[in-house]
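Notes to accompany the following structure.
The values are calculated or read from the model by the stated rules, or taken from the named source; none is laboratory data. Given the structure is predicted, the values throughout are model-derived calculations rather than measurements. Surface accessibility is based on the protein's heavy atoms, side chains included, excluding ligands, DNA and RNA. Shrake-Rupley method; radii C 1.70, N 1.55, O 1.52, S 1.80 Å.
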Amino acid sequence: MSTAMRELKCNMKFAVFVPPQHAEGDCKIEGEDADYDFGTGAGFYVDATAEPWKTNYRMYSYVTQELPVLIAANFNIIPGKTGIMGHSMGGHGALVCALKKTGQYQSVSAFAPICHPSVSPWGIKAFKGTLIYYIFVTLLQ
């Protein structure tokens, strides 16, 4: 744990954890960093299902499974008293995570969330590139 994280843990009565912007890491996928609205710039907190993204671009699993374990290991939290929040694409992600994982979060907050990404150019680009399209359409119906 970094010094800054240790200080935050000791001085605050609540936990704030901000994962790295590019949690997927440098996967060496062609086009991964070419645009701000695709690849490492936009994942909409879903697990990719299309090649070559599906191996490493698993943000939903990271946020709902791996991240809670990391937070519990590094912060003195009260089990069952966690919440999730996000802004813009992160607001979309917070809503999706809370709605799909009922019971995991006591609260959810979404600030200016992208609530219907399937009709925005940014969302369409991200979903068509990283998800098998028929799964995307099925999820929205």
At q = 0.15, 0.29 Å⁻¹, base-10 log of I(q)/I(0) for segment 34-97 (Debye sum, equal scatterers on each alpha carbon): -0.54, -1.26
Heavy-atom accessible area per residue - segment 59-130, 1.4 Å, Å²: 56 Å²
Counting only protein heavy atoms, what percent of the accessible surface of segment 59-130 is carbon or sulfur at a 1.4 Å probe? 63 percent
Would you mind checking which residues have amide H under 5 Å from Thr82's amide H? H placed 1.01 Å from N; only 5 or more apart, or other chain. Gln106
Just read off the accessible area of Thr82 with the full protein assembly in place, 1.4 Å probe, to the nearest 10 Å². 50 Å²
Dividing the Cα radius of gyration by the Kirkwood radius, what Rg/Rh value follows for segment 59-130? 1.03
Gain in length, Ile71 to His116, computed as 0.36 nm per residue apart minus the alpha-carbon separation, to one decimal in nm? 13.2 nm
